[in-house]
Amino acid sequence: MSRSSRPDAGGSPGEGLTGSYTSGTPRLDRVYQDSQARAGVTGQPEVTSPIRVLADRHGRIATDLRVSLTDRCNLRCSYCMPAEGLPWMPHDEVLSNDELLRLLRVGVRDLGITTIRLTGGEPLLRPDLTTLIARIAELNPRPQIAMTTNGIGLAARAGELAEAGLNRINISLDTLNPDTFTTLTRRRRLPDVLAGIDAALAAGLTPVKVNSVLLRGVNDHEAPDLVAWAIRTGVQLRFIEQMPLDPQKGWSRDRMVTADEIRERVAAVHPLVADPADAARRGSAPAELYRVDGHPIGIIASVTRPFCGDCDRVRLTSDGQVRNCLFAREESDLRATLRGGASDRQIADQWVAAMLTKRPGHGIDDPTFLQPDRPMSAIGG
Ligand code: SF4
């Protein structure tokens, strides 16, 4: 039986999406097929839309699942964690590989997820990561598998991860100065990160994207140097505006280095031009694309020019909580449902329902804005 002919297909698509639809509805089919094309989902004999999608009440459909594999990290970045670290989640609260795979299967097979991005904490700290990636790669339809990492330990593992099925990688690097790296991360590991980036390039995990957060008075003067290094190395650099997710609650809008400032700093040294194809290409991609001598440079204006209206993301924490937004204040406990013996259908129902409270945007500029209780390291980037 094809997915589109299952008996529970139905619901009324369009305005006030409820998460169910009849396959064949032009708008939702197009959204799903576009997301598959973006994710590079190919090679299926006949790719049909899932019966249900993760739709919210604002006309958006989530196809990009970000999965935090652990809340643990081997760095202590000042904008993410206090120097002493955070209380780690007990092991029995973290989903096992089998539990996680079951949720991912429901997401991919029944709910239209086309990309799975593995995050942390630091995902390389997850035991059996290579096996987990290989098992995700066996899901049908096969999702694109991406990972966001700090790069420590990647030098020895990039090849095996690529072989297991990892398609893309984003590596965080805010500075090329060893002392600034130590100040920012409270660890002396810059050479490990640079070696990890080289290994990712050698393993063909291209384009290797490098994410940089600039902090005023700490590393913001390094923007042009980072661009020159990215061009030399052959990575795609993306500057990201810092967001209020630090557990110390030290973020301030006034001190944040804005996308416009970043652009000006880079343009003062390099011939930075807007990528003419950017507007047509953007879709739900967060980065505004520029070029320096033909080399792509991204700037992600998460705060000053939010892209929430095109959001296609949903998150799953390592303890099995669905978060419909990075800044969600509520979570939906799929772990309890799964461990309580629920069917795949019941899990899918709960996941679909969790999307309906997704707010239109992060609301950082709203006076009533509250940071999420869960720290960034336990949500995943
Ligand atoms: S802040 Fe929330 S709504 Fe906005 S892009 Fe991020 S996850 Fe999507």
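The values are calculated or read from the model by the stated rules, or taken from the named source; none is laboratory data. Please read these numbers as outputs of a predicted model, since none were measured by experiment. Methodologically, a virtual Cβ is constructed for each residue, glycine included, from the backbone with ideal geometry; neighbour enumeration extends over all protein chains shown.
Things worth noting here:
- Where residue 342 falls short, out of the listed (1) in a loop (DSSP other than H, G, I, E, B); (2) under 19 Å from the mean Cα position of the chain (by Cα); (3) more than 8 Å from the ligand (Cβ to nearest atom): (2)
- Taking the range 250-260 as the range and being more than 10 Å from residue 299 (Cβ to Cβ) and either outside any loop (DSSP other than H, G, I, E, B) or out of contact with any Asp or Glu (no Cβ under 9 Å at 6 or more places or on another chain) (or both) as the test, the residues that pass are 250, 251, 252, 254, 255.
- Close pairs (9 angstrom Cβ cut-off, 6 or more residues apart or separate chains): more than 24 Å from residue 94 (Cβ to Cβ) and among the hydroxyl-bearing types (Ser, Thr, Tyr) in the range 339-366, within 12 Å of the ligand (Cβ to nearest atom) and assigned to a loop (DSSP other than H, G, I, E, B) anywhere: 357/56; 357/324; 357/328
- Residues that are over 26 Å from residue 92 (Cβ atoms) and free of Cβ contacts under 8 Å to residues at least 40 places away in the same chain within the range 109-150 comprise 137, 138, 145, 146, listed in sequence order.
- Residues in the range 345-372 that are modelled with pLDDT under 95 and of a type in the set (Ser, Thr, Tyr): 368 alone.
- Any hit, the range 137-152, residues being crowded, with 20+ Cβ neighbours inside 10 Å, out of contact with any strand residue (DSSP E or B) (no Cβ under 7 Å at 6 or more places or on another chain) and modelled with pLDDT of 95 or more: yes
- Within the range 293-318, if we keep just the residues that are in a loop (DSSP other than H, G, I, E, B) and among the aliphatic types (A, V, I, L, M), the residue that is nearest to the ligand (Cβ to nearest atom) turns out to be 303.
- Candidate set from the range 319-337 (those that are touching an Asp or Glu at 6+ places or on another chain (Cβ under 9 Å) and in a strand (DSSP E or B)); member that is farthest from the ligand (Cβ to nearest atom): 333
- Filtered by the rule that a residue be hydrophobic (A, V, I, L, M, F, W, C) and within 25 Å of residue 158 (Cβ to Cβ), the range 208-227 gives 208, 210, 213, 226, 227.
- Filtered residue count, the range 342-381, keeping only those that are closer than 21 Å to residue 112 by Cβ and among the β-branched types (Val, Ile, Thr): 3
- Subset tally (residues that are part of a helix (DSSP H, G or I) and under 17 Å from the mean Cα position of the chain (by Cα)) for the range 130-143: 2
- Take the conditions (1) under 23 Å from residue 170 (Cα atoms); (2) more than 16 Å from the ligand (Cβ to nearest atom); residue 347 misses just one of them, which is (1).
- The residue list 355, 376 contains one member that is within 14 Å of the ligand (Cβ to nearest atom) and touching a Cys at 6+ places or on another chain (Cβ under 7 Å), which is 376.
- Residue that is nearest to residue 188 (Cα to Cα), among those in the range 148-165 that are outside any loop (DSSP other than H, G, I, E, B) and of a type outside the set (Gly, Ala, Ser): 149
- Any chance residue 175 is at pLDDT 95 or above, farther than 24 Å from residue 351 by Cβ and among the hydroxyl-bearing types (Ser, Thr, Tyr): yes
- Counting only helices (runs of 4 or more DSSP H) wholly contained in the range 166-234, no element carries 3 or more residues that are farther than 21 Å from residue 262 by Cβ and under 18 Å from the mean Cα position of the chain (by Cα).
- Filtered residues of the range 271-281 (kept if outside any helix (DSSP H, G or I) and either in contact with an Asp or Glu (Cβ under 7 Å, 6 or more places away or on another chain) or closer than 18 Å to residue 361 by Cα (or both)): 271
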